[in-house]
Structures are given as structure tokens and as C-alpha cells.
Amino acid sequence: MKINVLVIGDIVGKPGRVILKEKLKPFIDKEEIHFCIANGENAAAGAGITAEIATELFSYGVDVITTGDHVWDKKEILPMLETDASVLRPANYSPLAMGKGYVIKNSKLGYPIGVINLLGRVFMKPIDCPFRISDDIVKDISKETKVIFVDMHAEATSEKIAIGRYLDGKVSAVLGTHTHVPTADEKILPRGTAFISDLGMTGPHESVLGRKIECVLKAIVTQMPTRFDVAEKDIRINGVKVVVNSQTGNAESIKRIEIKEDD
């Protein structure tokens, strides 16, 4: 059985949510998508996510929401992290932290899919090793399904590539998020794992990583504290479509996706 999985890059603010509301379900129907994963850690005004916004994203067709280093930015999400396993925080936070770092959920075909959320350590705040913790989680999920997707939320391309190679053959896909710029290195690794360094950004591309250009330039040039407002123009959805063999767990293809407002 072939399973079509759509994975969406970092959703930035209201513009990112609006284009998903308008475009996601038609795309899911057209491409026969069986499961949708989206990184939502910037969905609330560009930093963090709330329970209300998570519920909104689920209504648009998202099945699992991953996050990253901004997961704690909005305190409103904390109760939902405890009660809804479909909203993840990075698994390599302390085991005492609220929420869960992975989930197993059925696709539209009824086949279970595992989703793991990891956070990088290079150029990031101190956190537990994503490599070692992934071993334990993959072993646990593999008892129920061979189809496993990993969101590696990291700054350094080298770290994303390294964990892709580390997990090659153990998971179906390792997909980078956080840097908001889609990379052109999508591939199937030698042992059958789909990989891309960064999915890109779902939000305003006439911007600096989703923020108004003038605000970012002012901060850089003046070195003064500046509010980074979310931009509003050239809204796009970035992501990938991955086709997975449910029997082997191996990816058969990975294709970059970009959906514009006028598509």
C-alpha cells in the first residue's frame, strides 16, 4: 500500500493560517493526501502557538502539529500539550517537560503513522541529544508501524543532514524545519529514507523569514530593539509530498511543494 503524506514547513502568523484555510483541503483532495503534518511553532503572530490556533489548523486538514524552540512562547498551549497528543513538542526536551515528543496516529487509509519531533543543538539553546533519544523512540514506534516521519527542527544544515544519515533505513522521512527557506536537496537516502534539509515556510515570502523587511533592517542597521511584525505579501505554502510503502516503511518518492495565493 502506498501512503501519500504532505509535510508543511513552518506556518508563520495569520497569513500562513489564511492560505492553509483557502488552499490546503483542495490540495489534499487533488493529490490524494492520506496524512498531513505541519510545523506550527510560529503560527501565533510569528512566535508560538495557542490551543485555539491548533484547533483551527486541525480543521483545515492538518493531522499532527510539530513545533520547535518557540513551543513555550504562548502559555495558552500548555494544557493542550498535555491533553492532545497530536500537538507535539520536541522529544529531546527534559522528560519532565509538559507534552509529548512523538505520536502514532492513523492515516485516512487506516494505517498508523508515527511522527517524531526533534530539536537541534547546534547554534541553539542547550537540550538533550536528539540522536540518542531518537533511537529509543524509533524502537518504540516500530512495534506498531514501519511508517515514521521525523521533523528535525534545527538551525544547522550539517546537523539536519547528519541525523538524516543516522536515521536512514530506520524511518520513512527526516524533514528539516526552522530556517524558513526551502532547500533543493530533497532525495531518497541509500537505505530508503526521504530527506530534505528544510521544508521552507508557509507564510509571507515578501519578507525576511516571515517578518516585515523594514523592521528587520532597522534592527540590523541601528542595533536597537525592534518589534518584528509579521509581513503580509506573497503568501505561499512550502512543503513536500512523500510517498511511502506501508509494508517496508521506505519512501518511494519526495517532491517539493509550493502553493501560491493565485494558484
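Once neighbouring chains are kept in place and the probe is 1.4 Å, which whole percent of the accessible area of the range 2-119 is contributed by carbon and sulfur? The partial results should precede the final answer.
On the way: 2430 of 4480 Å².
Carbon-and-sulfur percentage of accessible area, whole number: 54.
Three principal axis extents, largest first, for the C-alpha atoms of the range 69-139, in Å?
Cα extents, longest axis first: 39, 30, 20 Å.
Just from the alpha-carbon atoms, what are the Rg and Dmax of the range 1-47 in angstroms?
In Å, with Rg to one decimal and Dmax whole: 11.7, 39.
Skipping prolines and chain starts, which residues have an amide H placed within reach, meaning under 5 Å, of the one on GLY48, given they are 5 or more residues away or on another chain?
ASN42, ALA43
Evaluate the range 32-91: find the radius of gyration of its Cα atoms, find its Kirkwood radius, and give the ratio Rg to Rh. Please report the intermediate quantities before stating the final value.
Working: Rg = 10.7 Å, Rh = 11.3 Å.
Expressed as Rg/Rh, it is 0.94.
At each listed q (0.08, 0.09, 0.12, 0.16 Å⁻¹), what is the log10 of I(q)/I(0) that the Debye formula gives for the chain modelled as equal alpha-carbon point scatterers?
Each listed q maps to, in turn, -0.28, -0.35, -0.64, -1.18.
Tell me, what is the FRET efficiency for ASN245 and ILE213 to the nearest 0.05, using R0 = 41 angstrom and their Cβ-Cβ distance as r?
The formula returns an efficiency of 0.40 here.
Take the Cα radius of gyration of the range 114-263 and divide it by 2.2 N^0.38 Å, with N its residue count; two decimals is plenty.
Values: Rg = 17.3 Å, N = 150, 2.2 N^0.38 = 14.8 Å.
That works out to 1.17 for the range 114-263.
Rank PRO79, PRO130, PRO112 by mean-square fluctuation in a GNM of the chain with C-alpha springs under 10 angstrom and give only the top-ranked residue.
Comparing PRO79, PRO130, PRO112 in a Gaussian network model of the chain, the most mobile one is PRO79.
Tell me, what ³J(HN,Hα) does each residue in the range 58-75 have, in order and in whole Hz, if you take phi through Karplus 6.51 cos²θ - 1.76 cosθ + 1.60 with θ = phi - 60° and put x for Gly and Pro?
4, 5, 7, x, 6, 9, 9, 10, 9, 9, x, 6, 9, 4, 8, 5, 10, 4
Can you list residues from other chains, or at least 5 along the same chain, whose modelled amide H is less than 5 Å from the amide H of ASN250?
Result for ASN250 returns ASN245.
What are the aspartates and glutamates whose alpha-carbon lies under 13 Å from the alpha-carbon of LYS187, with same-chain residues fewer than 8 places away excluded?
Partners found: ASP168, ASP198, GLU252.
I'd like the Karplus ³J(HN,Hα) series for the range 3-17: coefficients 6.51, -1.76, 1.60, θ = phi - 60°, whole numbers in Hz, and an x wherever there's a Gly or Pro.
10, 9, 10, 9, 10, 9, x, 2, 7, 10, x, 4, x, x, 5
Placing unit charges on C-beta atoms (Lys and Arg positive, Asp and Glu negative, everything else neutral), compute the dipole magnitude of the range 105-202 about its Cα centre in debye, rounded to 20. Before the final figure, lay out each step's value.
Numbers: 13 positive and 12 negative charges, 54 e Å.
Around 260 debye, computed over the range 105-202.
Checking a compactness column here: for the range 1-100, what do you get for Rg(Cα) / (2.2 N^0.38 Å), N being the number of residues?
It is 1.06.
What are the ³J(HN,Hα) values, in whole Hz, obtained from phi via the Karplus relation 6.51 cos²θ - 1.76 cosθ + 1.60 with θ = phi - 60°, for each residue of the range 202-217 in sequence order, with x given for Gly and Pro?
Karplus-based 3J(HN,Hα) across the range 202-217 equals 9, x, x, 8, 7, 5, 10, 6, x, 9, 4, 4, 5, 5, 5, 5 Hz.
With a cap of 12 neighbouring Cβ atoms within 10 Å, and only residues DSSP puts in a loop, list the trypsin sites (Lys or Arg not before Pro) found in the range 109-186.
On the way: sites: ARG121, ARG132, LYS139, LYS143, LYS146, LYS160, ARG165, LYS170; in loops: ARG121, LYS143, LYS146, LYS170.
Counting only loop positions with at most 12 other Cβ atoms within 10 Å, the trypsin sites (Lys or Arg not before Pro) in the range 109-186 are LYS143.
Do the alpha carbons of any pairs in LYS75/LYS125; LYS23/LYS255; LYS233/LYS255; LYS23/LYS139 sit beyond 27 Å of each other, and which pairs?
LYS23/LYS139
The values are calculated or read from the model by the stated rules, or taken from the named source; none is laboratory data. Bear in mind the structure is a predicted one, so any value in this text is a computation, not a measurement. Please note: Cβ atoms are built from the backbone with ideal geometry, for glycine as well, and neighbour counts cover all protein chains shown. All accessible areas refer to the heavy atoms of the entire protein, side chains included, with ligands and DNA or RNA removed. Shrake-Rupley method; radii C 1.70, N 1.55, O 1.52, S 1.80 Å.
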